[in-house]
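The values are calculated or read from the model by the stated rules, or taken from the named source; none is laboratory data. Fair warning: this is a prediction, and the values are worked out from it, not measured in the lab. Glycine also receives a Cβ, built like all others from the backbone with ideal geometry; neighbour counts cover every protein chain displayed. Accessible surface is based on the protein model in full, side chains and every heavy atom, while ligands, DNA and RNA are left aside. Shrake-Rupley method; radii C 1.70, N 1.55, O 1.52, S 1.80 Å.
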Amino acid sequence: MNITLYDYWRSSAAYRLRITLNHLGLSYQQIPVDLSKGENRGADNLARNPQGLVPTLEIDGHTLTQSLAIIEYLDEKRKAGLLPKTALGRARVRAISYAIAMEIHPVCNLSVAKFAAGNSGGNLSMGDWMQAFIPRGLAAVETMLAAPATGQFCHGDGLTM
């Protein structure tokens, strides 16, 4: 089975996927797409991922994008147990995952942070922009984790999405 992961070492979305692949013991070829050099906007990457993002995973004869969608695919295809058996547990795990992937990550994405800093008239640095969003987002996640369903991990005592 050939698995190819196109990623960038600093991408938190790519980290999520590398953690999952390694947890499942899947061997994969890693091909870097350097976001800092704009390689994600190149024709080769856009052919794989029309959004011009990372990660992209080639597996089972398919090309998949969006880290959480890929993780759910791997969970279903490899019976990984990354989502709880109950609907309520799955909803909680998805809510925690989405809080990070859809609320914190997008505003701190390299292209978004560069845009904000570049268009602030010198009033914001990329660090200023990120510091405005990351702590608030992570504080909300910490509050979500202050629940009985939290165990050794975010939900229970096993690794989840």
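Can you give the Kirkwood hydrodynamic radius of segment 93-150 from its Cα pairs, in Å with one decimal?
Taking the inverse mean of 1/r over all distinct Cα pairs, segment 93-150 comes out at 12.3 Å.
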Requested in this report: Return the distance in nm (one decimal) between the two label points of a simple spin-label model at L46 and S12, each offset 7 Å from Cα along Cα→Cβ.
Outcome: 2.8 nm
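Using a 1.4 Å probe over the heavy atoms of the protein chains, calculate the carbon and sulfur portion of the accessible area of segment 9-137 as a whole percent. The partial results should precede the final answer.
Working: 4170 of 7400 Å².
Of the solvent-accessible surface of segment 9-137, carbon and sulfur hold 56 percent.
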Report summary line: Here the FRET efficiency for A140 versus S120, based on Cβ atoms and R0 = 30 Å and rounded to 0.05, is 0.75
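Pick out, in residue order, every one of the trypsin sites (Lys or Arg not before Pro) in segment 49-80 that is DSSP loop and has at most 13 other C-beta atoms within 10 Å; say none if there are none. Present the calculation step by step, with values, prior to reporting the outcome.
On the way: sites: K77, R78, K79; in loops: K79.
Of the trypsin sites (Lys or Arg not before Pro), the ones in loops of segment 49-80 whose Cβ has at most 13 other Cβ atoms within 10 Å are K79.
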Report summary line: In segment 1-72 the DSSP beta bridges are antiparallel at a rate, in percent to nearest 5, of 65 percent
Query - Solvent-accessible area per residue for segment 1-151 (1.4 angstrom probe, square angstrom) - result: 57 Å²
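Looking only at the chain, where both bridge partners belong to it, what percent of the DSSP beta bridges are antiparallel (to the nearest 5)?
Numbers: 7 of 12 bridges.
Expressed as a percentage, antiparallel bridges in the chain total about 60.
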**Report entry** Within straight-line cross-link reach of K114, lysines at Cα separation under 17 Å, skipping those fewer than 8 residues along the same chain
**Finding:** K37
Query - GNM top mover of T65, T20, T86 - the chain, alpha-carbon springs below 10 Å - result: T86
Query raised in the report: When the chain is fully extended, how far beyond the present Cα-Cα distance does T4 get from S111, taking 0.36 nm per residue of separation?
Result: 36.1 nm
Query raised in the report: If you project the alpha carbons of the chain onto the principal axes, what extent comes out on each, in Å, largest first?
Result: 50, 41, 20
**Report entry** Within straight-line cross-link reach of K77, lysines at Cα separation under 26 Å, skipping those fewer than 8 residues along the same chain
**Finding:** K85
Requested in this report: Express in whole angstrom the spacing between the alpha-carbon centres of segment 60-75 and segment 19-54.
Outcome: 12 Å
